[in-house]
1. When the convex hull of the Cα atoms of the range 76-115 is projected onto a plane and the area is averaged over all directions, what value comes out in nm²?
2. Sort 82-94, 227-239 by the packing proxy (mean of other Cβ within 10 Å over each peptide's residues), most packed first.
3. Thinking of the range 1-131 as a set of Cα atoms, what percent of all their pairs are more than 22 Å apart?
4. Kindly provide the helix-only [θ] at 222 nm of the chain, computed as the sum of -39,500 (n - 2.57) over DSSP H runs of four or more divided by all residues, to the nearest 500 deg cm²/dmol?
5. What percentages, rounded to whole numbers, describe P(r) for the range 124-255 computed over all alpha carbon pairs with 5 Å bin width beginning at zero?
6. Would you indicate which of [x] 16.9, 48; [y] 18.0, 50; [z] 19.4, 57 is the value of Rg and Dmax of the Cα atoms in Å derived from the coordinates of this structure?
7. May I ask for the Rg/Rh ratio of the range 1-75, computed from Cα atoms with Rh as the Kirkwood radius, given to two decimals?
8. Roughly how many debye, to the nearest 20, is the charge dipole of the range 1-87 about its Cα centre, given +1 on each Lys and Arg Cβ, -1 on each Asp and Glu Cβ, and no other charges?
Amino acid sequence: MIELRTPDEIEQMRPAGRFVASVIEATSRAADVGVNLLDLDALAHEMIRAEGAESCYIDYHPSFGGSPFGKVICTSVNDAALHGLPHDYVLRDGDLLSLDFAAAVDGWVCDSAISVIVGEPREGDQELIDTVERALAAGIEQARHGRRMGDISGAIGDVAYEAGYPVNLDFGGHGVGRTMHGEPHVPNDGRRGRGLKLKQGLVIAIEPWFIPDTDEIYTDDDGWTLRSRTGTRAAHAEHTVAITADGPIVLTARD
């Protein structure tokens, strides 16, 4: 069921958005050569405790997950595209790291992701990150009352195809509110002018993710991490966005 939020409820979601943004900022700053992924998870966990927030991940066990996630942040490195399960891995110079985090504050959930380069970038990595960020911005621009879901999806897909990237449609954005994953699904490609009519009060996570040479992924032995079928690196970006009468509000905007 698709739920629409009142202006007051959207205001109530702002603390969750600010908190999620703060964790994304803190963990991305802490990500450096020699830092263990488990240390980043511990940092996010400590921030959750300090805020009195609630993790959306630690007990999360959907049909596509091998077990309850058990950690509080996704850390996807290099060819890991999504759902990277934090493990005993020390970041190396040139790693491409995606951080994805969702949490509830006072019962309201927001969700966000960022991709960063650890140390010196490898050829093409910054272009990949810039492309996924442009796609996110293009999708957000279309998140307006009276437009269609295909306008968001088509804008994201256009950026990917202009860069020569294929698009995977198995995983994309989603509704956000009292739970992390709700209706509607927000594909990363689509036909403009088609699909669900967007209405003020709709709150969605828009999340493009691209692998430059394939749209095929597989699940790692950990039961969670989704990896590129070709071993090529991936990048991911995400914001929680509220559609209002005055245009889109990015609830997880970072300073």
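1. Average projection, Cα convex hull of the range 76-115: 3.4 nm².
2. Final packing ranking: 227-239, 82-94.
3. Values: 3351 of 8515 pairs.
So the portion of pairs separated by more than 22 Å is 39 percent.
4. On the way: 4 runs with 70 residues, N = 255.
Calculated mean residue ellipticity at 222 nm is -9500 deg cm²/dmol.
5. Taking every Cα pair in the range 124-255, the percentages come to 2, 12, 21, 23, 19, 13, 7, 2, 0, 0.
6. [x]
7. Values: Rg = 14.7 Å, Rh = 14.2 Å.
Answer for the range 1-75: 1.04.
8. The calculation lands at about 80 debye.
The values are calculated or read from the model by the stated rules, or taken from the named source; none is laboratory data. Not measured: the values here are computed from a predicted model. Every residue, glycine among them, receives a Cβ derived from its backbone with ideal geometry; neighbour counts consider all protein chains shown. Just so you know, the surface numbers come from the protein's heavy atoms only, side chains and all, with ligands and any DNA or RNA stripped out. Shrake-Rupley method; radii C 1.70, N 1.55, O 1.52, S 1.80 Å.
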